[in-house]
Amino acid sequence: MGRYLTRRLLQAVLVLWAAYTVSFAVLYLLPGDAVEIMAAGGGEITEVTDEQLDAVRAEYGLDAPLAEQYLDRLGAALTGDLGTSVQTGERVTALIAEQLPATLRLTASAGALALLLGSAVALAGAHTRRPWLRQTLLSLPALGASAPTFWVGLLLIQLVSFRWGLLPAIGDQGWQSLVLPALTLALPTSAVLAQVFAKSLRDAWEEPYVATALAKGASPARVTFRHAARNASLPALTVFGVLVGNLLAGSVVVETVFSRTGVGRVTATSVTVQDIPVVQGLVVLGAVAFVLANLAVDLVYPFLDPRVTTGGAVAR
Amino acid sequence: MSLVERAPRAPHRAGSALRAVARAPGLLLSVVVLVLVAVAALAPSLLTGQDPLTGVPADKLLPPSAEHPFGTDQLGRDLLTRTVHGTGPTLRAALLAVAVGLIPGSLLGLLAGALGGAVDDLLMRFADVLLAIPGLLLSLALITALGFGTTRVAVAVGVVGVAGFARVMRAQVLRVRESAYVEAAHASGTRWSGVLLRHVLPGAWGPVAVFAAVEFGTVVLAISSLSFLGYGATPPQPEWGSLVAGGRDYLATSWWLTTLPGLTIALTVLAANRVARALDHETREAP
Amino acid sequence: MRFSHPSPVRRRATVPAALLCGALLLAGCGANASSSAGGDAGEPVEGGELTFALASAPTCADPQQVATNDSLYPARQLVDSLTDQDPETGEIVPWLAESWEVNEDATVYTFTLRDDATFSDGTPVDAEALRLNLDGIAALGARAPLGHSYLTGYRSTEVRDTHTAEVAFDRPNAQFLQATTTPALGLLAPATLERSPGDRCTEVVGSGPFVLEEYRVNSSVTQVRREDYAWGSSLWEAPGAARLERLTFEVIAESGVRTGGLSSGQVDAIGGVAPQDEATLEASGLTPHRRANPGLPFSLFPQLERPLVSDPAVRRAVSLAIDRQEIVDTVLSPSYRPATSSLASTTDLYADHSALLTHDPETAASLLAEAGWREGPDGVLTKDGEPLRLTLVWGANFGPNQPALELIQQQLRAVGIDVVLRTVTAAEYNGVREEGDYDYAWSNTTRTDPDILRAAFSDTLANFSRVDDPALEELLNEQNGTVDPEVRGPLVERLQGELLEKGYLVPVFELTTVLGYGGDVHELDFEASSRLQFHDTWHG
């Protein structure tokens, strides 16, 4: 177990390093001139002279050769320094730390909601005896996955908040203001989960142990919850990392639509003003979330997978 | 499955596809939606006779009616016409995005699968890294560097798909490579590149096409999201995402401006996904 | 999916008032809208909170460093100005300065400050603080986009005694007195002036009735009342602390969400009410409050170094092809007026030149034909094989900009001029204008003094249109050389006409500030420049 964990951790660090490198390559090597963008990104500067450009180059260490810049920045990133925002002059790590709690509240609620919705639809779909209901339930995920998030958000605002006056459409105070954004963000994720659950439930029913359990007199509901559901959660775990990343990325749209604060909103504005250090910090944050989620899965996996626990060996 | 059996399969497949469509009304509907979308993209004037750019200012913000099924916008332009004419730019961007993912992605997957060893390891680790960055964030980083505009947005969205295509292609190459007929061809002295072109590629193509169909739905959503955030098309050219974005200022008064173009996006993606699922089913059933 | 807020009684009462407002904008109708709305509201309430939704994020908390209206609304509350301007009469009245004198040729201004005002860090507002502020604004240069042009020719400030200071200019600067009413020349504590411009964007200390509590970039600004504030503008109902205890500005970019947020009571007041939402608000008993902004109307500014628009015939044709009334009727509302001069109608010394701003596509077409333009493929005019295609650069600082420009695009297309719209972000806008890679740029500016024309066209200042015209430059400086309206009036009138005749700008419509709030918000007052003053505001 110890060696298994060490290897996983090492891999995680490698992935993070590579993600940092990719984002550096994208933002600092591509045709757009990072310096011009930065010099103009300050907002009120009306004329960008060559001296100003040189000053910006020196300020951000952009006058050094690329390899040197890369090593400098990577070294700084290792000590937790992701640079300074061009727009506000704030440290990128401080900016993210300040905005992250609001986004975590949103994504965590959305994740929980997605799990609830996804499993409810899949279980109900697997269990109902009415074909039409089953058909409807099983086609819901496809609908959820096809609707643009921003559109769903606008529809919810229009109906639930403005027309029926049930919940607030804006702000980030109290749980009421969290419901609509969390629901909007949860829908696509719940669609993925429902599809995964439904498929593994179907597969699980064909497994011999289910037949055995049924033969021993267990009720279908009991079999579903005790055996099949547990088994069905394994495939869902493998997409957990991707879903966490998607929730984080989805917050860009959802926080914009609902005028909420958070890293998503910061992302949208940073892209608009081309605030390169902040964008890079956010990309790295996305990779960190993905890697942490996968590490968590690696930790949980041995406890859930019967083959891993009974066989004593790690199969992955 | 042997080489001899492969030849007569095309008609059989077409026939079964037809039967499958007839069996599933949802699939039939999806095909109809996609055909309509294709017509709208290639010959928009077949579906609507009105001008997408010039409206009648006096007829602004009319709710849906027989004359204007989608209503009119703030300049009195027919919204259905704009949605239809917006299909071309939207679809072109989506196809470009799929191509940007498909071509380099499949090549990388092909190389990794065919060469194996260190090359395979390196390429697949690279794909893993791309998958570790949430897609939308990677696109946003690319847009920050490249700038705004529909084409750039399409490229930024497409790059995200590279890793997915590489994985699918590699898996197929590995599977096909180990199958009996390829081994036989290889053993009979055909050169490796020949085997790759004649046998591996055609065999691997099906699942890649399915993935491309799924990817199509994904990129339409991603492109419209980015257009919505304001990084896409320039006015007055209609494009689906920016149509919804343009309508949100009228959210409180004119629901149709956001609802109906949004519904068009949702239906198109739904249809593309449904067809992709049917294709997937087909390729799986035919081993 | 329309709103239905049944309050027919209220509706009947407010609609005629609103119509009246629309028709009588010249009288500064909106300035009193709040007091009239609060007529039967009873005694003002002390304390309370108010949340105001801004349409765009403030760019900085420091009033000296900002230019957008949404930045100025919160920044205004943090500082006092030397003087204030009556929104109805245009008269300059005391605030921090008890009295002032201007010499004959408008080169020396002597201000006597009141002796009881302090900054919120406890330091006194005195002549030395005034000197440090004006020197500081001059040193900020382009980082003080408004103050910089107000201080043209600034020589120095001499401290005469603790509360008397003499501001001297190298050249006549008649507009300076009105400029001292604006937040851009509001006074900051000397300790704040010592900090870097960037730091001042999130932490700034002034002497105003509100103190900055928290500035969250792109999200919100929270201010609390200063309890020991004991002075104030002579326009306010009474000196002393503000009525509201706490004032929060939330950024809500979506106009539909702002309107819905107000209707459902999630915010108390909103700025940037979209034209299409005005009727909705009225129907739900939330009367929109309006005031036409003085200054430059929303206009097309040619880049005169570019070949196509350097031709006066093309510029004249562009102006003639635009149907201003249709734009107001289609994408705006009756609160807005088509432009009738180079200046908006609420600007001091405005003169009506509507005869130069008619809609006449036939004349436009014949002018272009005379200039050698012939019909080419797909209806676009061509000359020597080159199409008449103009690039128009614009930013989204005002919601209806996009539909308005798309309509202008249609109208110009009708006479054979093809317009390519190039959208830029607020951050890019200045850079793009510097580069000059466009034919027309779209913008407006708010200012009550007609000297805004000099700020916009002088080749020592912004020079929006890259004008190279010594005669115009002379006229621009001449009008700033005298404070006597009898002399200045005719000069400014001539200037307004000349700019139109030469096509140095194509004004289209005047900006109107439209606020929305319910019957429980009172005395939310417009300043002379249509920006907001929250000192007297109360929330019942």
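Values for this structure:
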quantity	calculated
Selection from segment B:249-282 of residues that are surrounded by fewer than 24 Cβ atoms within 10 Å (Cβ to Cβ) and free of Cβ contacts under 8 Å to residues at least 40 places away in the same chain	B:Trp255, B:Thr259, B:Leu263, B:Ala266, B:Arg277
Members of segment B:237-253 that are in a loop (DSSP other than H, G, I, E, B) and more than 7 Å from chain C (Cβ to nearest Cβ)	B:Gln237, B:Pro238, B:Glu239
Residue identified as of a type outside the set (A, V, I, L, M, F, W, C), in contact with a helix residue (DSSP H, G or I) (Cβ under 9 Å, 6 or more places away or on another chain), assigned to a helix (DSSP H, G or I) and buried (at least 17 other Cβ atoms within 10 Å of the Cβ) among B:Gly76, B:Gly88	B:Gly88
Residue within segment C:296-304 that is within 23 Å of the chain's Cα centre (by Cα), surrounded by fewer than 22 Cβ atoms within 10 Å (Cβ to Cβ) and not in a loop (DSSP other than H, G, I, E, B) present	no
Odd one out for C:Thr248, checked against (1) within 14 Å of another protein chain (Cβ to nearest Cβ); (2) at pLDDT below 90	(2)
Pick from segment C:376-407, criterion of a type in the set (A, V, I, L, M, F, W, C), surrounded by 20 or more Cβ atoms within 10 Å (Cβ to Cβ) and more than 18 Å from C:Arg306 (Cβ to Cβ), ranking: nearest to the other protein chains (Cβ to nearest Cβ)	C:Leu407
Qualifying position, being over 27 Å from A:Arg91 (Cβ atoms), part of a loop (DSSP other than H, G, I, E, B) and of a type in the set (Asp, Glu), among C:Glu203, C:Glu227	C:Glu227
Residue, surrounded by the most Cβ atoms within 10 Å (Cβ to Cβ), within segment C:255-295, restricted to residues that are within 13 Å of another protein chain (Cβ to nearest Cβ), among the hydroxyl-bearing types (Ser, Thr, Tyr) and in contact (Cβ under 8 Å) with a residue 40 or more places away in the chain	C:Thr259
Scan of segment A:133-156 for residues that are within 8 Å of chain B (Cβ to nearest Cβ) and farther than 16 Å from B:Ser30 by Cβ, ordered by number	A:Pro148, A:Thr149, A:Phe150, A:Trp151, A:Leu154, A:Leu155
Options C:Thr340, C:Thr423: the member that is crowded, with 17+ Cβ neighbours inside 10 Å and either of a type in the set (Asp, Glu) or under 26 Å from B:Leu257 (Cα atoms) (or both)	C:Thr423
Restricting segment C:177-198 to residues that are among the hydrophobic types (A, V, I, L, M, F, W, C) and in contact with a Leu (Cβ under 8 Å, 6 or more places away or on another chain), the residue that is surrounded by the fewest Cβ atoms within 10 Å (Cβ to Cβ)	C:Leu193
Positions within segment A:97-110 being touching a residue at least 12 places away in the same chain (Cβ under 8 Å) and surrounded by fewer than 22 Cβ atoms within 10 Å (Cβ to Cβ), in sequence order	A:Leu100, A:Ala102, A:Arg105, A:Ser109
Out of A:Ser251, A:Ser270, A:Ser233, A:Ser259, sole residue that is away from chain B (no Cβ under 11 Å) and at pLDDT 75 or above	A:Ser259
Conditions (1) touching a helix residue (DSSP H, G or I) at 6+ places or on another chain (Cβ under 7 Å); (2) under 17 Å from C:Trp95 (Cβ atoms); (3) aliphatic (A, V, I, L, M): number failed by C:Ala242	(1)
Qualifying position, being of a type in the set (Val, Ile, Thr) and modelled with pLDDT of 95 or more, among C:Thr152, C:Thr157	C:Thr157
Only one of B:Arg175, B:Arg191 that is at pLDDT 75 or above and either of a type in the set (Lys, Arg) or in contact with a Phe, Trp or Tyr (Cβ under 6 Å, 6 or more places away or on another chain) (or both)	B:Arg175
Test: A:Thr184 is at pLDDT 80 or above, in contact with a Gly (Cβ under 7 Å, 6 or more places away or on another chain) and either facing another protein chain (nearest Cβ under 10 Å) or surrounded by fewer than 20 Cβ atoms within 10 Å (Cβ to Cβ) (or both)	no
Qualifying positions in segment C:220-255 - closer than 30 Å to B:Asp249 by Cα and of a type outside the set (Val, Ile, Thr)	C:Ser220, C:Gln223, C:Arg246, C:Leu247, C:Phe249, C:Glu250, C:Ala253, C:Glu254, C:Ser255
So B:Gly217, is it without any contact (Cβ under 8 Å) to a residue 60 or more places away in the chain, touching a Pro at 6+ places or on another chain (Cβ under 8 Å) and either in a helix (DSSP H, G or I) or of a type in the set (S, T, N, Q) (or both)	no
Residues of segment C:115-152 satisfying the condition of being assigned to a loop (DSSP other than H, G, I, E, B) and in contact (Cβ under 8 Å) with a residue 40 or more places away in the chain	C:Asp115, C:Asp116, C:Ala117, C:Phe119, C:Ser120, C:Asp121, C:Thr123, C:Val125, C:Ala144, C:Pro145, C:Leu146, C:Thr152
Within segment C:379-428, considering residues that are of a type in the set (Val, Ile, Thr) and part of a strand (DSSP E or B), the one farthest from B:Leu61 (Cα to Cα)	C:Thr382
Residues (in contact with a strand residue (DSSP E or B) (Cβ under 9 Å, 6 or more places away or on another chain) and more than 15 Å from C:Arg488 (Cβ to Cβ)) located in segment C:343-352	C:Ala344, C:Ser345, C:Thr346
Single match in B:Ala93, B:Ala166 (criterion: over 28 Å from B:Ser193 (Cα atoms), under 19 Å from the mean Cα position of the chain (by Cα), of a type in the set (A, V, I, L, M, F, W, C) and away from chain A (no Cβ under 14 Å))	B:Ala93
Whichever residue in segment A:64-96 is assigned to a loop (DSSP other than H, G, I, E, B) and at pLDDT 80 or above and, among such residues, is surrounded by the most Cβ atoms within 10 Å (Cβ to Cβ)	A:Leu82
Neighbours by Cβ (under 7 Å, 6+ apart or cross-chain): first from segment C:349-364, touching a residue at least 24 places away in the same chain (Cβ under 8 Å) and more than 20 Å from C:Arg447 (Cβ to Cβ); second of a type in the set (Phe, Trp, Tyr) and in a loop (DSSP other than H, G, I, E, B)	none
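The values are calculated or read from the model by the stated rules, or taken from the named source; none is laboratory data. Worth saying up front: this structure is predicted, and the values here are computed from it rather than measured. All Cβ positions, glycine included, derive from the backbone under ideal geometry; neighbour counts span all protein chains shown.
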